[in-house]
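Data first, discussion second: the structure below is written as structure tokens.
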Amino acid sequence: MAAPASTQSSHLLRLVLSCRKITAQVTCASTSSIVAMASSTEQEFAKEYRAKLNRFPRTNVFWDSKTASKIGDKIGIRLTEIGVSSVQIDVQEELSRPIHYRKMLGPFFDSVKRTGIAFDGAEKLIFLG
């Protein structure tokens, strides 16, 4: 049997991280289709990306906590526009991330919360930074 709507969110937030980009996807749990998405590869981040790409000394990571916060704002606004008020997160996946990624993701989760989106399972996460 399916859990009641009050105990389980019907949307799942997934974060795809690499050294070059951060992407946030919210999928519908029943159909696995993406309902909202925000990424550091969007046009507004292109100037920052090129600046980091061409700076000396070179770096291996092209996004930081500031970029993650902006992505959180964008995904939060997009979720609010379509009427989603809460999302579920995979706590085990978030806790299994390397510590340097977890430190940079704290501002992401904070900015999503500021837009009014609630997280199911976020109380188990310890945000660093």
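The values are calculated or read from the model by the stated rules, or taken from the named source; none is laboratory data. On a predicted model such as this, the values are computed, not experimentally measured, just so you know. With ideal geometry, Cβ positions are generated from the backbone for all residues, glycine too; neighbour counts draw on all protein chains shown.
Being of a type outside the set (Val, Ile, Thr), farther than 18 Å from Arg114 by Cβ and loosely packed, with under 11 Cβ neighbours inside 10 Å is true for just one of Gln92, Gln25, Gln88. Which residue is that?
Within the list Gln92, Gln25, Gln88, the selection yields Gln92.
In this structure, does Val35 turn out to be surrounded by 15 or more Cβ atoms within 10 Å (Cβ to Cβ) and either at pLDDT below 90 or in a helix (DSSP H, G or I) (or both)? Full working, then the answer.
Details: surrounded by 15 or more Cβ atoms within 10 Å (Cβ to Cβ): yes; either at pLDDT below 90 or in a helix (DSSP H, G or I) (or both): no.
Taking the combined requirement at face value, the residue does not satisfy it.
For (1) within 11 Å of the chain's Cα centre (by Cα); (2) outside any strand (DSSP E or B); (3) over 15 Å from Ser111 (Cα atoms), each residue gets a yes or a no:
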position: Cys19; (1), (2), (3): no, yes, yes
position: Leu53; (1), (2), (3): no, yes, yes
position: Pro57; (1), (2), (3): no, yes, yes
position: Phe62; (1), (2), (3): no, yes, yes
position: Ser69; (1), (2), (3): yes, yes, no
position: Gly76; (1), (2), (3): yes, yes, no
position: Thr80; (1), (2), (3): no, yes, no
position: Val84; (1), (2), (3): no, yes, yes
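Out of all the residues in the stretch 38-51, which are surrounded by 11 or more Cβ atoms within 10 Å (Cβ to Cβ) and either among the small types (Gly, Ala, Ser) or farther than 20 Å from Ser111 by Cβ (or both)? Let's see the steps before the verdict.
The first filter runs over the stretch 38-51 and keeps only residues surrounded by 11 or more Cβ atoms within 10 Å (Cβ to Cβ), leaving 38-42, 45-46, 48-50.
Ala38, Ser39, Ser40, Ala46, Arg50 - these are the residues of the stretch 38-51 that are surrounded by 11 or more Cβ atoms within 10 Å (Cβ to Cβ) and either among the small types (Gly, Ala, Ser) or farther than 20 Å from Ser111 by Cβ (or both).
Tally the residues that are at pLDDT 90 or above and either loosely packed, with under 12 Cβ neighbours inside 10 Å or over 19 Å from Thr80 (Cβ atoms) (or both), restricting the search to the stretch 1-17.
Residues meeting the conditions: 2.
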